[in-house]
Amino acid sequence: MHRPDPITGVQKPTHDRFREVLDNALLAEELGFDGFGVGERHERPFISSSPPVVLSHVAALTKRIRLFTAVTTLSLLDPVRAYEDYATLDHLSNGRLDLIIGKGNGAAQRDLFHVTPEDQWDRNAESYEVFRQIWRQDKVTAATRFRPQLTDAEVWPRPYQQPIRVWHGSATSKESVDLAARYGDPLFSANVTNPIEPYAELIRHYRERWEFYGHDPAEIAVGAGTAGVYVAPTTQEALAAYRPIFESNLAFFKKAGLPVVFETLEDFVARSSALIGSPQQVIDKVHRYHEQFGHTVVHLHADGSGLTDTQHRDSLELFQAAVAPTLRKAIPDPPFDWGPVHPSTTEEAARV
């Protein structure tokens, strides 16, 4: 997102905003987080229209952290071109790439790419199916509706990871959940706008469809977003620091005509997925969500989003020192390795 700071009202130049994203990625690696994600939007107030370019630069600046797209809007993209970008990024990052795909939101970007509400889900499914084939097969034939058909098509470069892990972003619809379950792919719940119930319902549906398609329940992996994060030594300190940010965001939503779900900071902290409070408060809340989601990956905002640089760093450091160790011990890891793929592993996977 690229809009004025919620507290100062100052909007950074585009160049500085990109620099801030890179600095946040470096901070995430320094503090020991597992991954760093960049979203894709093609409308105001976002400038994240090219995640493979941004993530390629992040890959060059980092050594360990995994790189996520959050999300890759396949309903808007040519799957052949998307494959070329991400296969290249996969090589440049030494196999640190994870994709989260989704249809995307927003009327302006649909208009920009001539996608309609009626065909967006079909486009998303078709693009993913073609993308998935290209990643796995040296030659692809596909009778597509939304791009020229493919006949024994070869697309280069061939990927580094074989196959890549693809998560399916889920916010409001069963279509994305069903697509993930059909292919045995992990699910990432957006979980940022509403209280827990609609997201929990979609995750329950995902688990039902997973078993319907004959997959092993032990192989399910679910991730979940959070609506905001600020961890402080005490609840009172956390609320005091976050209150002006919440009030500024609330005014922004109302002015923009966006739906307001949480009218007060106290309601936002109590009923949204935001992790705002003391370390124990945050631990307890993640556990409450885990009881309904069964998720093993949690997303935190890498942006300060109105916090000062010092507040932002202190919050993430406290999360890593006082929250993450407890969660790592109590909640199991996903049923796969987070480490980078090595060429020998890729070659073995290709033979299998």
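Please treat every number below as a calculation from the coordinates, not as lab data. On a predicted model such as this, the values are computed, not experimentally measured, just so you know. Neighbour counts run over all protein chains shown; Cβ positions are idealised from the backbone, glycine included.
Checked against a 31 Å cut-off, the cross-linked pairs Lys63/Lys174; Lys103/Lys255; Lys174/Lys254; Lys103/Lys254; Lys12/Lys285 give Cα-Cα distances beyond that limit for Lys63/Lys174; Lys12/Lys285.
The longest part of the chain holding none of the exposed loop chymotrypsin sites (Phe, Trp or Tyr not before Pro), meaning those outside H, G, I, E and B in DSSP with at most 13 other Cβ atoms within 10 Å, is 1-212.
Straightening the chain between Lys174 and Thr14 buys 54.0 nm, computed as 0.36 nm per residue apart minus the Cα-Cα spacing. Remark: the stretch 299-305, residue by residue, has Karplus-estimated 3J(HN,Hα) of 9, 10, 5, 7, 7, x, 6 Hz, where x stands for each Gly or Pro and the curve is 6.51 cos²θ - 1.76 cosθ + 1.60 at θ = phi - 60°. Each label was represented as a point 7 Å from its Cα along the Cα-to-Cβ direction; for Phe212 and Trp338 these points are 3.3 nm apart. Summarising the label geometry, the points placed 7 Å from Cα in the beta-carbon direction at His91 and His205 lie 4.0 nm from one another. If R0 is 30 Å, the Cβ-Cβ spacing of Asp111 and Asp5 corresponds to a FRET efficiency of close to 0.55.
Taking all C-alpha pairs of the chain, those more than 32 Å from each other amount to 30 percent.
Springs join every pair of Cα atoms under 10 Å in this Gaussian network model of the chain, and among Asp152, Asp185, Asp78 the largest mean-square fluctuation is at Asp152. Which residues in the stretch 269-312 have a backbone N closer than 19 Å to a point placed 7 Å from the Cα of Lys254 along the Cα-to-Cβ line? In the stretch 269-312, the label zone of Lys254 (backbone N under 19 Å from the point 7 Å along Cα→Cβ) covers 269. The simple Förster model, with R0 at 25 Å and r as the Cβ-Cβ distance, assigns Ala240 and Phe46 a FRET efficiency of 0.25. Between Glu263 and Glu247, the simple label model (points 7 Å from Cα in the Cβ direction) yields a spacing of 1.7 nm. Once the chain from Arg328 to Glu154 is taken as fully extended at 0.36 nm per residue, the excess over their C-alpha distance is 58.4 nm. Within the chain, DSSP assigns beta bridges of which about 10% are antiparallel (rounded to the nearest 5). For the chain, the longest principal axis of the alpha carbon atoms and the long axis of helix 120-136 meet at an angle near 60°. Give me, ordered by chain and number, the residues 5 or more places off Gly35 or on other chains with an amide H under 5 Å from its own placed amide H. When sequence neighbours closer than 5 places are left aside, the close amide H contacts are Arg66. Against the chain, whose longest principal axis is taken from its Cα atoms, helix 51-61 shows a tilt of about 70°.
Computed FRET efficiency, Cβ-Cβ of Glu30 and Ala143, R0 56 Å: what is it to the nearest 0.05? Walk me through the numbers before you get to the answer.
On the way: r = 48 Å, r/R0 = 0.86.
Between Glu30 and Ala143 the formula returns 0.70.
Under a 5 Å amide H cut-off, with hydrogens placed 1.01 Å from N, Ile276 pairs with Tyr230 among residues at least 5 apart or on other chains.
Counting neighbouring Cβ atoms within 10 Å and putting the fewest first, the residues His295, His2 line up as His2, His295.
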